[in-house]
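For reference, the structure is listed below as structure tokens.
The values are calculated or read from the model by the stated rules, or taken from the named source; none is laboratory data. Source: prediction; values computed, not measured. Cβ sites come from the backbone with ideal geometry, for glycine too, and all protein chains shown count toward neighbours. With ligands, DNA and RNA removed, areas are computed over all heavy atoms of the protein, side chains included. Shrake-Rupley method; radii C 1.70, N 1.55, O 1.52, S 1.80 Å.
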Amino acid sequence: MICTMSAAAVAVWLGTVVCTVHAYDTKHSALHGRNVRVEQSVALKHRAAVSRDVVTILSRSHADRNVYPSAGVLFVHVLEREYFKGEFPPYPKAGDPSNDPITFNTNLKGYPDRPGWLRYIQRTPHSDGVLYGSPTAEHIGKPTVIEITAYNRRTFETARHNLVINIKAAEEFPLPYQAEFYIKNMNVEEMLASEVLGDFLGAVKNVWQPERLNAINITSALDRGGRVPLPINNLKEGVYVMVGADVPFSSCLREVESPHNQLRCSQEMEPVISCDKKFRAQFHIDWCKISLVDINKVVPVYVTRPEPGTGILPEFGEYKPPSESLKSRDYFSDFLVTLAVPSAVALVLFFILGYTMCCRREGVEKRNMQTPDIQLVHHSSIQKSTKELRSMSKNREISWPLSTLPVFNPVSGEVVPPIHPDNYETTSMPLMQTQANLQNQITIPQQRPSGKWYS
């Protein structure tokens, strides 16, 4: 009995200890969650380093990260490569600096692309990526979840986490006076750096003297139809920077609107701006492309748009495929229409044409009957005279041309001597030789036909 009680007491004590340990782990699991993940990551790295012969592509997820930008104010979020390097295994050699090429892919959760107001840029796989844009008023109060996927181009591993953008309303939105500057000696990723953007806003504040000044948006010149610069002389793409303030534009900013400066801009000459020296040290501004907008004077244009539908096609019922037992089709009628009928029409036309050309000829007798007698007599006399002249021309004894003289007599077979001796002088020979000049010309006998003309 004592042994039984002791066993029961031991069981109760062990259960109490297990419950206590479980409660302690449950209480401190949230605090040590990050350490557990780090230990798991280290274990995975060690496992990958030990078994290098096995190629494994891993994917890890971070916890969601929340940011709170304001509507109408420039939002910039840097995707740092150092933040994701801890998720990828180190270089094979210990001590080598980890400089893996890492690229990022960003998209709205559940969609293939980002929201329309959000842009992304990364120049090279060895540089950080940047998400930037200006949220609009219609996104206030709506959390925007951006999925960020990092790709290690050496190990082909991926790491992913979500960026939750909670857009809140600004104190004064939008700012009534907005100015857009075009900076020629900057790229968009250089302008997005907090130090550079701060220096530019400080220069604008010195010129404008507002109480509130915010950067509204930054756009690359390539997105405005600009051309990619040549890789010479450290040329830049250019960037448009829009800022907003709560006071009217200063006199310096309005100098570009003067007729003299407008004329210089039309002639592609730099305008004369008194406050340009405050920017020239770091920023080269194209004052001909500056835009000054007072939204209080802008007339709103309301465009009626059709109400969007639900995006779901109407119900047409279930699809009914054709039955397996298809009816046989008779192609005889198609054959008659396609081949037989055109062939029959062509055959009829052939017989009509043949009858017209062969069986409907008038003939020579009918032609002679319709021809006047005097015309027939003239035609007969001309034909008779032609035959007589042809027969007389065959009996003329003329010498053959020099170019056609044979080398032997065609009748006797004797060899014909040369026309001229070797010492014959050809310089005095006329171009057109006559019968009298041809002393050595040999007459080729011809056979004379018998007839009344040769009696």
### Message
Filter segment 192-206 down to the residues that are more than 26 Å from Ser251 (Cβ to Cβ) and either among the aromatic types (Phe, Trp, Tyr) or assigned to a helix (DSSP H, G or I) (or both) and list them by number.
### Response
Ser194, Glu195, Val196
## Note on the structure
Going through segment 165-191 in order, the residues found to be assigned to a strand (DSSP E or B) and touching a Lys or Arg at 6+ places or on another chain (Cβ under 7 Å) are Tyr182
### Task
Looking for whichever is over 38 Å from the mean Cα position of the chain (by Cα) and either in contact (Cβ under 8 Å) with a residue 24 or more places away in the chain or more than 29 Å from Val207 (Cα to Cα) (or both) here; the options are Asp246, Asp276. Which one fits?
Asp246
### Task
Take the residues in segment 172-195 that are touching a residue at least 60 places away in the same chain (Cβ under 8 Å) and out of contact with any strand residue (DSSP E or B) (no Cβ under 8 Å at 6 or more places or on another chain), then tell me which one is surrounded by the fewest Cβ atoms within 10 Å (Cβ to Cβ).
Glu172
#### Entry: Members of segment 126-142 that are closer than 19 Å to Gly86 by Cα and either open to solvent by less than 10 Å² (accessible area, probe 1.4 Å) or among the small types (Gly, Ala, Ser) (or both)
Ser127, Gly129
### Summary
Of those in segment 203-215 that are open to solvent by 20 Å² or more (accessible area, probe 1.4 Å) and touching a Leu at 6+ places or on another chain (Cβ under 9 Å), the residue nearest to Pro135 (Cα to Cα) is Asn214
### Which listed residue is in contact with a Leu (Cβ under 6 Å, 6 or more places away or on another chain), β-branched (Val, Ile, Thr), open to solvent by 30 Å² or more (accessible area, probe 1.4 Å) and modelled with pLDDT of 90 or more, from Val145, Val76
Val76
### Message
Looking at segment 106-124, can you tell me whether even one residue there is open to solvent by 10 Å² or more (accessible area, probe 1.4 Å), assigned to a strand (DSSP E or B) and touching a Phe, Trp or Tyr at 6+ places or on another chain (Cβ under 7 Å)?
### Response
yes
### Task
Identify the residue in segment 236-285 that is among the aromatic types (Phe, Trp, Tyr) and either at pLDDT below 90 or assigned to a loop (DSSP other than H, G, I, E, B) (or both) and, among all such residues, is most open to solvent (accessible area, probe 1.4 Å).
Phe249
### Query
Here are Pro300, Pro308: which of them is open to solvent by less than 90 Å² (accessible area, probe 1.4 Å) and at pLDDT below 90?
Pro300
